[in-house]
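Chemist: Have a look at this one before I ask anything.
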Amino acid sequence: MAASPSPGPTAGALQRDRYDAGALTGFACKLLQAGGLPEPMARDVAEVLVEGDLLGHDTHGLQLLGPYLAELERGDMTREGAPLVLAEATCVATWDGRRLPGPHLVRQALAWAVPRARAHGQATVAIRRSHHIAALAAYLEAAARSGLLVILACSDPSVASVAPFGGTQAVFTPNPFSIGIPTGTDPVMIDISASITTNGMSNRMKAAGQKGEHAWWLDALGQPSNDPAVITAQPPGTILPLGGLDAGHKGYGLALMIEALTAGLSGHGRADVAEGWGATVYLQVMDPAAFAGLSPFTWQTDWLVDACRSNPPRDPARPVRLPGHRGIALKQDQLAHGVALHPGIAPQLKGWASKLNVPMPAPRLS
């Protein structure tokens with residue numbers, strides 16, 4: 001799900017061990033195969049996880065590989081087969097994902113939707129009972145560069161960590177929502193959540209003994225806190241919706257919208273018996289060529305990009321950026337100079353490498 005990108009190559013990333021992106025992908029693929037996934041499915045998962053790290057979403061990249069392998073080991077992630085088609089029309093489909101790996105299912109849904117969007121202007125897939133789908137931003141770039149508008153959202157009906165605005169008991173997950181927008185140059189890639197932070201970031205900060213910059217959480221009594229540990233206390237606290245204490249009704253509304261798109265359209269969600277860590281998914285692909293045309297579309301988006309970039313900044317050292325552009329720049333740097341893994345990831349992967357007898361790639365030399 002959604003996560004904030006790590007510091008770029010000019011910040012904390014240079015102090016991290018760097019690994020060749022292709023070597024990491026091959027390593028992750030072999031680990032997943034050793035865990036029981038067939039090669040095509042394992043490669044989908046590996047490529048999506050590494051793409052998350054390349055874009056800087058390092059709570060939702062290879063950080064997830066160990067937990068995915070544990071799910072395979074327990075039998076909580078389905079190892080083979082195809083999704084069950086529950087309904088299909090010309091350009092709309094509903095699938096039961098059968099708890100297959102989420103990155104594989106989303107890529108399959110894109111492969112189904114893209115040609116239909118080209119033919120009919122748009123195509124939509126709703127997926128129930130997917131396993132976790134990792135970083136939403138990892139699916140956007142290729143389609144957006146090809147001139148397609150992509151919307152992807154998900155929720156996990158088995159988990160609750162975000163209370164409705166004004167409440168103290170969790171109902172939602174962070175409920176990420178993403179969109180890839182074509183432009184004449186790099187696409188705009190928005191990956192946000194309906195909560196003010198995510199479960200992954202909360203857990204990482206808690207493990208490191210870190211506090212938030214602001215009160216991003218509520219304790220069980222509804223008191224604001226900058227300590228992520230409140231969400232695992234007994235009784236548990238919650239993550240605030242996007243907008244926090246002052247404007248959290250906006251994040252609350254976004255969460256409800258995402259639940260309707262994912263659980264509502266797929267016909268499976270929080271009203272059903274929880275099955276374990278996973279996702280309900282909404283994917284829509286639109287072709288601007290079927291509307292006013294791709295050139296008029298990018299005429300508008302390019303104007304907006306230029307207007308935002310040239311906007312006088314509050315802090316001259318921090319010019320206005322477009323969502324996703326920092327991640328794309330970081331990806332290009334890491335493809336050239338190696339993926340700067342978060343320090344907590346490599347030790348976890350070394351344990352699985354030893355257990356499954358798969359050699360781990362060595363860090364790149366400076």
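Chemist: So how many residues does segment 328-366 have that are assigned to a loop (DSSP other than H, G, I, E, B), free of Cβ contacts under 8 Å to residues at least 12 places away in the same chain and closer than 11 Å to residue 66 by Cβ?
Modeler: 0
Chemist: Just one of (1) surrounded by fewer than 13 Cβ atoms within 10 Å (Cβ to Cβ); (2) touching a residue at least 12 places away in the same chain (Cβ under 8 Å) trips up residue 317, so point out which.
Modeler: So the condition that residue 317 fails would be (2).
Chemist: Contact list please: Cβ distance under 9 Å, first residue in segment 175-195 and over 14 Å from residue 149 (Cβ atoms), second residue among the basic types (Lys, Arg), pairs at least six apart or on different chains.
Modeler: Pairs that qualify, where the first residue is over 14 Å from residue 149 (Cβ atoms) and the partner is among the basic types (Lys, Arg), are 186/145; 194/250.
Chemist: Take segment 34-67 and flag every residue that is among the aliphatic types (A, V, I, L, M), under 17 Å from residue 21 (Cα atoms) and not in a loop (DSSP other than H, G, I, E, B). Explain how you work it out, then say what you get.
Modeler: Of the residues in segment 34-67, the ones among the aliphatic types (A, V, I, L, M) are 34, 37, 41-42, 45-46, 48-50, 54-55, 62, 64-65.
Subset that is under 17 Å from residue 21 (Cα atoms): 42, 45-46, 48-50, 54-55, 62, 64-65.
Correct list: 42, 45, 46, 48, 49, 50, 54, 62, 64, 65.
Chemist: Let me ask something additional. So which residues in segment 289-314 are buried (at least 16 other Cβ atoms within 10 Å of the Cβ) and either over 30 Å from residue 123 (Cβ atoms) or in contact with a Phe, Trp or Tyr (Cβ under 6 Å, 6 or more places away or on another chain) (or both), if there are any at all?
Modeler: Once the filter is applied, which keeps residues that are buried (at least 16 other Cβ atoms within 10 Å of the Cβ) and either over 30 Å from residue 123 (Cβ atoms) or in contact with a Phe, Trp or Tyr (Cβ under 6 Å, 6 or more places away or on another chain) (or both), segment 289-314 yields nothing.
Chemist: Let me ask something additional. Pick out the one residue from 197, 238 that is among the hydroxyl-bearing types (Ser, Thr, Tyr), farther than 23 Å from residue 71 by Cβ and modelled with pLDDT under 95.
Modeler: 197
Chemist: Within segment 329-366, how many residues are of a type in the set (S, T, N, Q) and modelled with pLDDT under 95?
Modeler: 2
Chemist: Is it the case that residue 232 is hydroxyl-bearing (Ser, Thr, Tyr), under 23 Å from residue 140 (Cα atoms) and under 24 Å from the mean Cα position of the chain (by Cα)? Even if it seems obvious, please write down each step before you answer.
Modeler: Values: hydroxyl-bearing (Ser, Thr, Tyr): yes; under 23 Å from residue 140 (Cα atoms): no; under 24 Å from the mean Cα position of the chain (by Cα): yes.
It is false that residue 232 is hydroxyl-bearing (Ser, Thr, Tyr), under 23 Å from residue 140 (Cα atoms) and under 24 Å from the mean Cα position of the chain (by Cα).
Chemist: Can you run down the residue pairs with Cβ atoms below 6 Å, 6 or more apart or on separate chains, where the first is in segment 57-80 and closer than 11 Å to residue 352 by Cβ and the partner is surrounded by 24 or more Cβ atoms within 10 Å (Cβ to Cβ) and of a type in the set (A, V, I, L, M, F, W, C)?
Modeler: 62/49; 65/28; 65/49
Chemist: Working carefully through the options 260, 233, find the one that is under 20 Å from residue 155 (Cα atoms) and of a type outside the set (Val, Ile, Thr).
Modeler: Residue meeting the stated conditions: 260.
Chemist: Taking the condition of being in contact (Cβ under 8 Å) with a residue 40 or more places away in the chain and charged (D, E, K, R), how many residues in segment 97-115 meet it?
Modeler: Total satisfying the criteria: 2.
Chemist: Now for a separate question. Restricting to segment 14-33, and then to whatever is within 16 Å of residue 342 (Cα to Cα), buried (at least 17 other Cβ atoms within 10 Å of the Cβ) and touching a Pro at 6+ places or on another chain (Cβ under 7 Å), can you tell me which residue is modelled with the lowest pLDDT?
Modeler: 16
Chemist: Also, quick follow-up: Exactly one condition in (1) at pLDDT below 95; (2) of a type in the set (Gly, Ala, Ser); (3) outside any helix (DSSP H, G or I); (4) in contact with a strand residue (DSSP E or B) (Cβ under 6 Å, 6 or more places away or on another chain) is not met by residue 8; state its number.
Modeler: Going through (1) at pLDDT below 95; (2) of a type in the set (Gly, Ala, Ser); (3) outside any helix (DSSP H, G or I); (4) in contact with a strand residue (DSSP E or B) (Cβ under 6 Å, 6 or more places away or on another chain) one by one, residue 8 breaks only (4).
Chemist: Just to be sure I understand, how many residues within segment 314-343 are in contact with an Asp or Glu (Cβ under 9 Å, 6 or more places away or on another chain) and of a type in the set (S, T, N, Q)?
Modeler: Summing the residues that are in contact with an Asp or Glu (Cβ under 9 Å, 6 or more places away or on another chain) and of a type in the set (S, T, N, Q) in segment 314-343 gives 1.
The values are calculated or read from the model by the stated rules, or taken from the named source; none is laboratory data. For clarity, every value in this text was computed on a predicted model and none was experimentally measured. Neighbour counts run over all protein chains shown; Cβ positions are idealised from the backbone, glycine included.
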